[in-house]
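Derivation of every value follows stated rules applied to the coordinates shown; laboratory data play no part. Worth saying up front: this structure is predicted, and the values here are computed from it rather than measured. Every residue, glycine as well, gets a Cβ built from its backbone with ideal geometry; the counts of neighbours run over all protein chains shown.
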Amino acid sequence: MNVHPILATLRRHKTAAGLIALEIALSCAIVSNAVFLIGDRLDRIRQPSGLAEAELVHFQLVGITRVEDPEAQAAEDIAALRAVPGVRSVATVNQIPFGNSSWYSSLNLEPEQQNPTMQVTTYVGSEDLLETMGLSLVSGRDFVPEEYVEFQQAQSDPEVVIPAVIVSRAVADRLFPGENPLGRSVYVWGAAPQRIVGVVEHLAKPNDIGGPSSEHTSVLMPVSAPVQYGINYLVRVDAGRRDGVLEEGVAALEAVNPSRIVLEDRTRTFEAFRDDYFQDDRAMAWLLVGVCVALLVVTALGIVGLASFWVQQRTRQIGIRRALGATRGQIIGYFQTENFLIATIGIAAGMVLAYAINGALMGRYELPRLPWYYLPLGAVVLWTLGQLSVLGPALRAAAVPPAVATRSV
Amino acid sequence: MLHMQDVSKVYRTELVETHALRHFDIAVDEGEFVAVTGPSGSGKTTFLNIAGLLEDFTDGSYRLDGVEVRSLDDAARSRLRNEKVGFIFQGFNLIPDLNLFDNVDVPLRYRRMPAAERRRRIETALERVGLASRMKHYPSELSGGQQQRAAIARALAGEPRLLLADEPTGNLDSQMARDVMELLEALNAQGSTIVMVTHDLELAARAQRNIYIIDGQVSDLDLAEAAARPLVAAREA
Ligand SMILES: Nc1ncnc2c1ncn2[C@@H]1O[C@H](COP(=O)(O)OP(=O)(O)O)[C@@H](O)[C@H]1O
Ligand SMILES: [Mg+2]
């Protein structure tokens with residue numbers, strides 16, 4: 001490679017070359033971090049809930065008048081919802097993944113533990129909940145009817161025993177890494193332990209409290225959902241019937257008791273909850289995409305601009321080189337090599353800068369270290385960008401006729 | 001060495017057609033020193049450019065060192081130019097961003113010569129023109145005469161079969177011009193074939209052979225007759 005004379009020339013044009021290298025360095029650093037952040041957001045947006053999302057709708061009602069027997073009314077509601085065509089199963093529930101409001105409990109391994117082993121979010125609901133959610137059990141079983149406890153009772157009576165719990169795989173792995181969690185005891189509610197009877201693959205939390213390290217730290221308890229003041233129904237339907245069930249379901253619930261308010265923004269498909277929940281993440285991802293595109297375009301334009309300027313400035317020199325025997329390919333090669341060298345300097349600086357930015361982000365947010373493979377990837381992207389940008393000017397340079405050496409003064 | 005037969009060159013622009021060369025015949029033998037004179041615009045540079053493969057010609061035949069160049073593509077012409085021809089320009093045409101060593105290196109790199117061989121040739125060439133001590137200097141740090149000598153070193157380093165010079169002394173004062181002429185004579189004495197365009201009849205007279213170009217053709221006039229003619233071609237009027 002004819003690197004030496006090109007470097008010698010660049011050394012005499014440090015400012016222009018340095019500015020382009022700096023532009024490339026900034027692009028490299030910012031784009032690699034931005035792409036990493038986009039990936040992080042996408043992972044979040046795409047995280048599984050564990051539920052049969054495409055088949056779920058949610059109803060939420062609040063009562064305005066006191067009801068004599070809320071349990072009986074809930075049973076009536078469930079029967080009414082079941083009667084809507086397309087409905088496969090119905091369950092009361094206290095909260096849903098990505099639904100925002102959440103019940104949290106500490107989970108302990110010993111009865112009178114000082115510091116809790118971990119925090120978990122607690123899902124409760126009627127007997128068909130696991131089936132309605134469509135959770136997938138990786139081991140163990142669903143609750144049996146005898147295990148269920150009334151919510152009122154569980155809350156008011158400290159002696160009540162909740163015998164079982166189903167945990168997410170994330171909880172099982174945290175508590176008993178490499179061991180079989182089935183049959184092990186944990187303390188979530190009450191003085192008596194709960195025995196783990198099942199493990200589900202995924203069960204996302206209603207919100208992000210606790211940060212990424214506590215993702216999917218959820219448990220399911222055989223306790224009925226509260227029904228006095230407000231009530232939530234999770235309904236599993238044929239995917240194509242979601243909108244119909246929502247409409248007809250509201251009518252059916254109003255028929256049971258018209259003096260209740262159906263909360264419109266909580267009476268939606270599960271997918272609508274998910275969309276809302278990740279709206280900010282999506283906006284941020286798009287913003288970052290925009291930043292990347294803008295930076296790359298500006299960098300490419302900078303390269304095209306400088307290369308065009310140099311080709312024009314060196315027209316005579318190019319003619320001389322042709323007169324001295326350079327082929328067109330060698331002229332193109334000159335500009336490509338020159339760009340490659342500038343890009344390489346920029347990329348090298350950009351990598352250092354990329355880790356510096358990443359380090360700052362890691363300190364401020366709960367963000368992992370930039371994986372090493374972003375660096376070669378970023379380098380290839382910027383090298384390619386540089387080569388493509390310089391190609392037009394280089395072809396113009398190759399078209400300079402050798403007679404320029406003798407004709408122009 | 002250089003053999004042109006019935007070569008013509010027409011420049012076409014939107015408005016005019018210029019017949020820069022017409023029925024141009026010339027033969028230059030190995031080891032000759034030929035001076036080319038003629039009025040401005042008569043076609044001297046055109047002849048030299050075609051001889052050095054810098055330009056195509058419209059018609060005729062041109063053999064350089066036995067190779068018919070008419071049918072060669074651009075890459076082959078570039079290679080041939082690089083190997084067989086050394087150019088010396090009126091404006092020196094050194095590359096301002098490179099020092100003398102790297103300037104002389106330019107044509108050698110296009111030939112993909114190994115580094116040690118290049119270094120040897122560059123040093124020899126710069127020594128021959130008396131600039132061995134200025135290798136690290138940039139063109140802007142040298143006088144015109146020194147720059148032209150560096151350009152001659154660059155033309156020599158590739159050991160070309162043919163040296164083409166287009167008014168090599170045109171930008172030099174008379175003392176520097178004489179130095180450069182003496183250098184060319186010395187090179188010719190060592191076996192280089194040289195074709196030099198000049199408007200300096202005194203220098204032309206020192207060459208072995210003189211060719212007078214007028215109106216795109218080699219004229220029959222001899223140097224003395226040529227000297228008596230006006231320096232601007234009649235047809236330009
Ligand atoms: N690129 C060109 N396009 C059009 N006409 C040209 C071009 N180059 C040279 N000419 C014309 O060709 C003629 C010969 O030019 P040139 O060989 O440069 O003459 P000289 O070197 O003897 O002064 C002139 O009339 C000149 O104007
Ligand atoms: Mg001329």
Response to the item:
The strands (runs of 3 or more DSSP E) lying entirely within segment A:209-271 that contain at least 3 residues which are of a type outside the set (V, I, T) and surrounded by 19 or more Cβ atoms within 10 Å (Cβ to Cβ) are A:218-221, A:230-237
Response to the item:
Those residues of segment B:1-30 which are more than 15 Å from B:G60 (Cβ to Cβ) and surrounded by fewer than 16 Cβ atoms within 10 Å (Cβ to Cβ) amount to B:Y11, B:R12, B:T13, B:E14, B:L15, B:V16, B:E17, B:T18, B:D29, B:E30
Discussion item. On the basis of being away from ligand 1 (no atom under 13 Å from the Cβ) and crowded, with 16+ Cβ neighbours inside 10 Å, does B:V67 make the cut?
Written reply: no
Discussion item. With the requirement that a residue be within 22 Å of A:A204 (Cα to Cα) and either exposed (fewer than 13 other Cβ atoms within 10 Å of the Cβ) or in contact with a helix residue (DSSP H, G or I) (Cβ under 8 Å, 6 or more places away or on another chain) (or both), what does segment A:110-120 give you?
Written reply: A:T117, A:M118, A:Q119, A:V120
Worksheet item: Restricting the search to segment B:123-149, which residues are buried (at least 22 other Cβ atoms within 10 Å of the Cβ) and under 21 Å from B:D200 (Cβ atoms)?
Response: B:V129, B:Q147, B:Q148, B:R149
Item to complete: Kindly state which helices (runs of 4 or more DSSP H) lie completely within segment A:276-367 and contain at least 1 residues that are away from every other protein chain (no Cβ under 14 Å) and within 15 Å of A:V381 (Cβ to Cβ).
Response: A:279-313, A:328-364
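Across segment B:31-66, what is the total count of residues that are away from ligand 2 (no atom under 12 Å from the Cβ) and closer than 19 Å to B:T193 by Cβ?
Qualifying residue count for the region: 15.
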Worksheet item: How many residues are out of contact with any Ser or Thr (no Cβ under 7 Å at 6 or more places or on another chain) and either without any contact (Cβ under 8 Å) to a residue 40 or more places away in the chain or not in a strand (DSSP E or B) (or both) if we restrict to segment A:55-105?
Response: 26
Discussion item. Anything in segment B:163-184 that is more than 14 Å from the chain's Cα centre (by Cα) and more than 16 Å from ligand 1 (Cβ to nearest atom)? List them, or say none.
Written reply: B:L172, B:D173, B:S174, B:Q175, B:M176, B:A177, B:R178, B:D179, B:E182, B:L183
Worksheet, complete the sentence: Of the residues in segment B:87-102, those that are more than 9 Å from chain A (Cβ to nearest Cβ), in contact (Cβ under 8 Å) with a residue 40 or more places away in the chain and away from ligand 2 (no atom under 16 Å from the Cβ) come to B:L100
Practice prompt. Tally the residues that are without any contact (Cβ under 8 Å) to a residue 24 or more places away in the chain and closer than 26 Å to A:N100 by Cβ, restricting the search to segment A:170-226.
Written response: 2
